[in-house]
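What follows is one structure encoded as structure tokens, with my remarks underneath.
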Amino acid sequence: MLVDLARPLTLVLCMCSLCAVFNAAFLDSAIDMSQRIGPALARLAIAAAICVLSGLLFLAPRDDHDVKAHQLSDTLPVQLLFWASGIMAIVFLVSWYLQVHCVFFRSTRVW
């Protein structure tokens, strides 16, 4: 009974921790992208710990008849961590490349 109530709560906590990683990686007020790496990796480590603990909770059997052996990587919170961190890493590297090598604003003022 208590496990069934804890599963959705830990899943929401996983999503909130991944939103904090997104916030540190993309919405932080640091000007340079290299200044964003440290806080983003720290929050990613915390989010990974939360998702793994939630995945362990998802591995707990629901009743006496549900004794199937699953892997931790098959649980929803861990898959959410893998997909979200992979997509955020790709988008972070693309945005870093665009910030360094592309100029999207050109001043058209004539003095």
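The values are calculated or read from the model by the stated rules, or taken from the named source; none is laboratory data. Everything quoted here is computed from the prediction, not taken from an experiment. Virtual Cβ from ideal backbone geometry, glycine too; neighbours counted across all protein chains shown.
Overview of values
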{"item": "Pairs, first among the β-branched types (Val, Ile, Thr) in region 28-51, second assigned to a helix (DSSP H, G or I), C-beta under 7 Å, six or more apart", "result": "Ile46/Ser17; Ile50/Leu13; Ile50/Cys14; Ile50/Ser17"}
{"item": "Which numbered condition Ser17 fails, given (1) farther than 12 Å from Ser85 by Cα; (2) in contact with a helix residue (DSSP H, G or I) (Cβ under 6 Å, 6 or more places away or on another chain)", "result": "(1)"}
{"item": "Options Leu80, Leu72, Leu93; residue that is at pLDDT 95 or above and not small (Gly, Ala, Ser)", "result": "Leu80"}
{"item": "Residues being surrounded by fewer than 19 Cβ atoms within 10 Å (Cβ to Cβ) and part of a loop (DSSP other than H, G, I, E, B) - total across region 1-43", "result": "7"}
